Each structure stands twice: as structure tokens, then as C-alpha cells.
Amino acid sequence: MTNETATGRGQHSGAAGGAHEARTAPGPGAHGDPPAPGGQDRRPATASAARERVRRLLDGHPGAPLLPRVVNDVLLVTSELVTNALRHGGGIAAFHAELDGGTVRISVTDRSTAPPSSASRRDVTTPGGFGWPLVRRLSRSVTITPTGDGKTVEAVLLLTPDGV
């Protein structure tokens, strides 16, 4: 199996120094999450449920409240990843979000082995086709990892607009 990595804006060499603790998204609330098999984290049933989980996670960041632009970018990427898994990936097999120092990692596993793609757009009035380019542009990095029966798409976003 191979990994494909796409990088977007804000890629910086080097890492912020110091130890930090990763935090994961809190468990599901009353947002339409299906029951979890075997006690695993529940999967959000909708993009809205995923955004709410990530919003709660961001609210717990030591630097909260984060800039609205940063929060909006993270929530937009969350929405796009979940929507793509639901529309094109055969559903969500797993969802994970965690804070890792100055970044947030959003990963969505779906049931399709087909990698995300963007159709060439000749007619901008046709709906759809803008989500994947947005994910790639707003994320520091995007990694696609094949799984046995699908793939995991992980986006890493900076929590500060300048990456510091």
C-alpha cells in the first residue's frame, strides 16, 4: 500500500518546539450518530454532526477562542471530507479528529478505494466539484491511505493563520 500526500497553503518546514498533548474529539451527542460497534468511537451520520464534534474539540484548544477564519476553514474541510465520504465513498467507516499542538487532524475513512478527484470544470454553473480543491488548498497537508476495503483521507490544518 502506498500513501499519496498533497500539500496546500501554509506548509512550513520545521515543527513548533515543546511537548504537547493530543486531544481527540469528544464522543457523540444528540447529532444522529449511529451506535458504535465494540465500543469504538461513533461515526457522525452527517456533515453537521462532524462539524459539531470538531467545533467542540476546537473550543477546548488552549488558545481558544481561535480566529473565526481558522475555525471556518477547519469546519469547511471537515464538512467536505465527510460529505465526500457519504456521496462518493460508500459511507463513513471511521471518523477521527484530534488537536496536536498547533494543528488539528481530521481523518475520514470511507468504503471506496477510488481516490478523491476533481472533474475539470468548463461550466461553473454546474453544481459540485469544488470540495476536493478546497480541502487541498486549506490544509497544510492531505494524506490518502488505502485500507483493505476503502481509504482514509487525513487533512492537517494549522490553528493559526500564519502557521506560527
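Some observations on this one:
- Here the calculated FRET efficiency for residue 98 and residue 160, from their Cβ-Cβ distance with R0 = 22 Å, stands at 0.80, rounded to the nearest 0.05.
- Label-point separation in nm, residue 48 to residue 130, each point 7 Å along Cα→Cβ: 2.1 nm
- Label-to-label distance, residue 144 versus residue 72, with points set 7 angstrom from Cα along the beta-carbon direction: 2.8 nm.
Any read-out appearing in this document is the output of simple, stated calculations on the displayed coordinates, not a laboratory observation. Just so we're clear, the structure is a prediction, and the values are computed from it rather than from any experiment. Here Cβ is always computed from backbone atoms with ideal geometry, including for glycine, and neighbour counts include all displayed protein chains.
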